[in-house]
1. Mind sorting B:His348, A:His40 by how few other Cβ atoms lie within 10 Å of their own Cβ, fewest first?
2. Taking θ as phi - 60°, what are the ³J(HN,Hα) couplings along region A:194-208 by the Karplus curve (6.51, -1.76, 1.60), each to the nearest whole Hz, with x for Gly and Pro?
3. Hey, rough spin-label estimate for B:Asp334 and B:Asn240, points 7 angstrom out along Cα→Cβ, what's it come to in nanometres?
4. State the Kirkwood hydrodynamic radius of region A:1-110 in Å, one decimal place, computed from all pairs of distinct Cα atoms.
5. Classify the protein assembly as shown from the C-alpha gyration tensor, please: rounded if a/c falls under 1.5, else prolate or oblate depending on whether a/b exceeds b/c.
6. Write down Rg/Rh for chain A, rounded to two decimals, with Rg from the C-alpha atoms and Rh from the Kirkwood relation over Cα pairs.
7. Residue separation times 0.36 nm, minus the C-alpha to C-alpha distance between B:Lys283 and B:Leu62: what's the value?
8. If you count the DSSP beta bridges with both ends in the protein assembly as shown, what percent of them are antiparallel, to the nearest 5?
Amino acid sequence: MFDLFLQFVVNGLVNGTFYALSALGLTLIFGLMRLVNFAHGEFYMIGGLLGWVVTQKLSMDFFSGLVVVVAVMAAFGWLLDRYVIVRIRDKGPEPGILLTIGLAIFLTNTALMLVGTAPQKVLAPVPSTPLLLGPIIITEVRLFAIAVSIAAIVGARLLIQKTKLGKAMRATFQDATAASLVGINTASIYASTFALGSALAATSGMLLGSIYVAQASIGGLISLKAFVVVILGGMGNFAGAILGGLILGVAEALWGGYVQTGTVDMVGFALVILILFFRPYGLFSVRAERA
Amino acid sequence: MRMTVLALSVVASAAAMTAHAADTIRIGVIQPLTGSVAYNGAADVNGSKIAVKERNAKGGVLGKQVELVVEDGECQPSKTVNAAEKLIQQDKVPVISGAFCSSATIAAMSVAAKYKVPLLSGVSSKSDLTERGNEWFFRSAETDGLLARAFAKILVDQLHLKKIAYIGVNDDWGRGGMNEFSKQIEAMGGETAMKLYFDHGTTDFYTMLTRVRAAKPDGVFVAAETQDGSILVKQMKEVNLQSKVFGVGSWATADFVKLAGDAAQGIHAAVPYAYTIDRPENKKFVAAYKTEYGELPGKYSAAGYNALNIIMDAIERAGSADPDKIRQAMAKTDYHGPNGSFKFDAKHQAYGFDAVLVRLNDGKPEIVAQATVTDDK
């Protein structure tokens, strides 16, 4: 009985790590830019499909493929910000919401047109053979994915906290005028942030595409789950997103394990409703009001 | 001079357009082209296109070319109703093929009855669709009940499946299939270990499979489509589940094997169609499909192909593209397709066609047992 419980918790933690990774780009763009990106799931989807192209069609190995995908998506995010997002900057939240929803529809249908509806596979660098750790079963590819997820999360965190670029990002979003007065090129900072968010979404898309499948119409589902995670952790809260992801993963696994499997998707949204009632700024938010 | 040429060409093209509209018979198709079963919906549309192409090459129906108007129903009742309304009101189609998911088809059935336009589903298999007394609805697909009755005995006796865990997608089709199979198998002396549901588009089945593994069943019944099903069987292997797997849905297809890889080996599927069925009509269809799309047809490609042929036969017999005449002619269907012959009973449920139990071996669906879907009496 206890073995079963352990297995459920491990399943939940694995999934939770994936949820955290796939929500990271969303919370980053929101936290720094105050832009709610409804096209987040579509960036994830493009990452997955590009991952399929580079590993299967161009037969590159996973890591060189990942470098290519990240570079392409970062460039895509950069250009998108410089030429599209810039037009709705400082115009309040509504234009941003409309723009990104429109972008989501456009990207999904473009992907459907180019690659069609067929689900595709990203070639993983490690096999998916089961590993027995005591009573618990996990596969090598999942352990690998968790390692990459942690590396990506830590990497993004260090980039924002420790580098000059990260400092400039935080300065710009605290006060854009003051930042430009001290010589920061704010336009390029905005674009870099959006590029970073896009690259993170694409990384998770490619990584999880190697475990599940990459598919043109998957974006909506990913966005939904990512929003649950971000609301749980507090919009824009980096550590909150990670904890939010883990909580969602474990809650779903336990609900599915002991209550009912058909209603797991309800768990996340029930949590969101409770959070909005009792802690409207997220579980881990310290400030009651945002600037 | 230039202006005259331009004006002439405008007039000519306008004339060509009206001539075009009068010379074609439009048939509506509603399938999911986005969402988690999009891939299967697209296969149905591909099969439908082959049927129309073949017929048009032979001169069309009633001397006119046939034109398909395809709408995306997303497998959702609300979108499917919109699609049906659009096809009937705006495109003025006299007959519709669709929809895919049983829940969506139920919604479209009421629209068909409201406007008195026949609706033929080649896919939706929930048993009670033809029990609703809707005279505008026809079904050229097997029902879960018919498939379950055809194969329950074989599953229990030949595959020695006594204790069975059921996993199905959480919609009318999945729940219907699970209920029919569990009822029939229990009647044969089988035991139900558990019934678990998942939603369309689910990617992680570990929790569910952990529960199944703990129950140690002999067999696992799965009602799922290509995407969900391929991920599910892969993860079964990952969690080291040793039970025999059998199921309904789009299993015996080349794409399922491509996605599931080694995990597809040894899986049993009860399907109305497999490209390995040995009939001359099927060989012709497989060859045509392969030339057109470069891949082998699956269950849904055949479903679309059959549905459109039945519709076009009915229009031919009706002698005009009038919805009510098509309905009357369709009730008298006697069509020979790649998987046998199709006739409709009084409730407009098709019978007479094959159902096969296949086992995937090296990616090929080998036929283990064959049965004819009989009149539901």
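1. B:His348, A:His40
2. Coupling constants for region A:194-208: 5, 4, 5, x, 5, 5, 5, 4, 5, 4, 5, x, 6, 5, 6 Hz.
3. 6.0
4. 16.1
5. Working: a/c = 2.13, a/b = 1.33, b/c = 1.61.
Here the protein assembly as shown falls in the oblate category.
6. Ratio value, two decimals: 0.97.
7. Details: separation 221, 0.36 × 221 = 79.56 nm, distance 2.71 nm.
Extra length from B:Lys283 to B:Leu62 when fully extended: 76.9 nm.
8. Here the antiparallel bridges make up roughly 40 percent for the protein assembly as shown.
Since every read-out is calculated from the coordinates, none of them should be taken as a lab result. All values reported here derive from a predicted model rather than from experimental measurement. Ideal geometry is used to build each Cβ from the backbone, glycine not excepted, and the neighbour counts take in all protein chains shown.
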